[in-house]
Structures are given as C-alpha cells and as structure tokens.
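The values are calculated or read from the model by the stated rules, or taken from the named source; none is laboratory data. Remember, it's a predicted structure, so these values are computed and weren't measured experimentally. In this analysis, Cβ positions are derived from the backbone assuming ideal geometry, glycine residues included, and neighbour counts consider all displayed protein chains.
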Amino acid sequence: MKALVYQGPGQKDWQDKPAPSVLKPTDAIVRITRTTICGTDLHILKGDVPAVEPGRTLGHEGVGVVEEVGAAVRNFKKGDRVLISCVTSCGSCPNCKRQLYSHCADGGWILGHLIDGTQAEQVRIPHADNSLYPIPEGADEEALVMLSDILPTGFEIGVLAGQVKPGDTVAIVGAGPVGMAALLTAQFYSPGRLIMLDADPNRLEAALQFGATDVIDVTRVNAVEQLMAMTDGVGVDVAIEAVGIPATFDVCQQAIAPGGRVANVGVHGKSVELHLEKLWIQNITISTGLVNTNTTPMLMKTVQSGRIEPAKLITHRFRLADILKAYEVFGNAAKEKAMKVILAAD
Ligand SMILES: [Zn+2]
Ligand SMILES: [Zn+2]
C-alpha cells in the first residue's frame, strides 16, 4: 500500500509500504476513505516532536471502512464504516477508568506518533472497541473527519476547561482549525461575546461567518489594549489560547478579568513567563490539557443534528495520492487561504 512516510526533519515521501496486519486480538485494520493533515504533522516535520522516528507513517485523523478485526474485537466487524479517534484507549486501565484517555497506559496519542498513522491506504488501530466510533447511516464523512481531533480538542480543552457560560465574554486567541473548533462549540453555551484574534484577515473573515461577534487583527492593534477597551477595562471572562507561543499566552493572562479562566489549548515548545504575582489576587484559573476525546459521541450527535457544521472548516480537497501537494497547500495556509484539507481515497 501507499503511505505518507516521515523521513526525518523536513523530509517526507508518499511511498510503498507493507500493508498493516492484526498484531493483537484487540486490533482492527481500517481502509482509509478520508483523512486530513493537522498542524501537529507540520510540527513533526519541523523536527519538533523527536519521539517520531524516521519511517513512521504520519496522520491521526480520518474515517474509513473496517477490513479486518482481531478475535477480541466485539463492537466492529468487516465492512463497518468508522471514525478514527486521534487518541487510542484501552478502556480498562486506571486512567481510562477516569476518562483520561489521553493518558491510557497502552494508548493515548500514538497514531502517527509512536505507531503508523492514518495518512495511508490502511491503518492498524489498537484497542479498536474503544478507539473507533461507528459512523451513523447517511452521515457526511468529511464533516466527521473534524471529529477525530480538532472538534474534541477545541471543545474539551478550550470550551469545557474554560467553563464557558451564558453571557460570558470569550476571547479565542488563534483562528486556526482548533481555535475555530472552540468557536463553533463555545456557542453551545450562548456566550455574550465571542472575540476572535488572529494575524490572518482571511481567517478573521471566516470567524465572523462561524459565529464570532468581534474580531481583532493583531497585526493592526495592540491585542490586550483592544480587549480591555472592548470590555470597559474589565477583561474577558474566558481566554482560550489556541496558538502555542509565549506572546499569545501573554495576551490571555493580561486580558483576563478577575475570576476569569485561561484555557490553554496551544502546543507549547517553549516556556512562557507566568505572571502569578498578578494572577493570584485576581482569582484566575489556568487550565491545560491534551484531548481525551471522551466527548466524541456527544459531538457526533451535534454534527448529525446540524447543530454545528464542522464541514465549513474544509477549504481544500485532494486525492489521497496527491497528499504531497496537499501538504504544500496546508503548509502555506495564509497564502492558500487553507483551513482544513480533505484527502479522499475513493
Ligand atoms: Zn491533530
Ligand atoms: Zn487505558
């Protein structure tokens, strides 16, 4: 089969590779029908995630059809259409029992990281019963690809951890796919204002279409001053950090209102300057996290009912065999006006 293989920093290729087979009775083999590229894949290609070894197939998002299951798989059979979760979970270890699937003793984020991932014609999914979700009849499979990672990440680590409540003023710093996922799912809770911050005017324009009440172009104004001016000097109730650099975390900690919540979603590679000396007396809560995907079944219902439309995040479509072209477009997101790219195998 063909797969997108990481070959060390800056190098990748779409090449032949042996098709995966069932290694453990709890495994399933899934033929990929739709997959996508994540910002995390670009980080890996930059060499930021050294645990990824050359030879690894990338990708941790996608939907497909079950080709084969191990003897212990009970919930799925050959021919079932499934959503693949970016987080693998056994369902029975102490962390899984607490719904901390991202810290499963025999799972967590391993796809396209520690084991071969979904940017391939086929993928092996360990602990298939807990790591796959059945796709409802007639569902929009492209939309469901957004449920592998970005929707649960934006929702669980941004919206739920930030405790978005009716009437809240919410600032989302970063209008990339995960920031947009937070924007879509924050609306479950009817916040009063949803302020989106980014440096890309196209993304801010899209944010307004997806429900932002205000946008701030951080290349034109001082983000903190603007947020303070918009809130009569009080600050925002919830600040969701969806970039992962010190400057954007700083905006959140400076613009947060007393009693507010800073929910960090961004993947940080460097330490930030934490102003605890100012935050403690303001009753600020700071949260961090890696997605558990325990809200995936609930999110799937909201997509099925049309309550949220994650397919709006898809800007480009390619054949799976043209994945190298797709990487080029996604890697130049601002120039290409790219948000999420879909790769289709059939
Ligand atoms: Zn991802
Ligand atoms: Zn587990």
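Which pairs do you get when a residue that is without any contact (Cβ under 8 Å) to a residue 24 or more places away in the chain and closer than 19 Å to residue 156 by Cβ, found in region 77-93, comes within reach of a residue that is loosely packed, with under 14 Cβ neighbours inside 10 Å and hydroxyl-bearing (Ser, Thr, Tyr), reach meaning Cβ atoms under 7 angstrom, with the pair 6+ apart or on two chains?
Between residues of region 77-93 that are without any contact (Cβ under 8 Å) to a residue 24 or more places away in the chain and closer than 19 Å to residue 156 by Cβ and residues that are loosely packed, with under 14 Cβ neighbours inside 10 Å and hydroxyl-bearing (Ser, Thr, Tyr), there is no close pair.
When you go through 64, 107 one by one, which is the residue that is modelled with pLDDT of 95 or more, within 16 Å of ligand 2 (Cβ to nearest atom) and in contact with a strand residue (DSSP E or B) (Cβ under 9 Å, 6 or more places away or on another chain)?
Of the residues listed, the single one that is modelled with pLDDT of 95 or more, within 16 Å of ligand 2 (Cβ to nearest atom) and in contact with a strand residue (DSSP E or B) (Cβ under 9 Å, 6 or more places away or on another chain) is 107.
List, please: which pairs have Cβ atoms under 7 Å, are six or more places apart or on different chains, and start with a residue in region 22-42 that is more than 17 Å from residue 177 (Cα to Cα) and within 16 Å of ligand 1 (Cβ to nearest atom) and end with one that is modelled with pLDDT of 95 or more and of a type in the set (S, T, N, Q)?
Matching pairs, first to second residue: 32/118; 32/122.
Quick check on region 90-119: of everything there that is small (Gly, Ala, Ser) and more than 16 Å from ligand 1 (Cβ to nearest atom), which residue is surrounded by the most Cβ atoms within 10 Å (Cβ to Cβ)?
91
Filter region 73-89 down to the residues that are in contact with a Gly (Cβ under 7 Å, 6 or more places away or on another chain), within 16 Å of ligand 1 (Cβ to nearest atom) and in a strand (DSSP E or B), then identify the one that is farthest from residue 341 (Cα to Cα).
Here the answer is 88.
So, of the residues in region 111-130 that are touching a Gly at 6+ places or on another chain (Cβ under 9 Å) and part of a loop (DSSP other than H, G, I, E, B), which turns out to be farthest from residue 40 (Cα to Cα)?
Taking the candidates together, the pick is 127.
What helices (runs of 4 or more DSSP H) lie completely within region 247-346 and have 1 or more residues being closer than 22 Å to residue 151 by Cα?
The qualifying helices (runs of 4 or more DSSP H) are 296-304, 323-331, 333-336.
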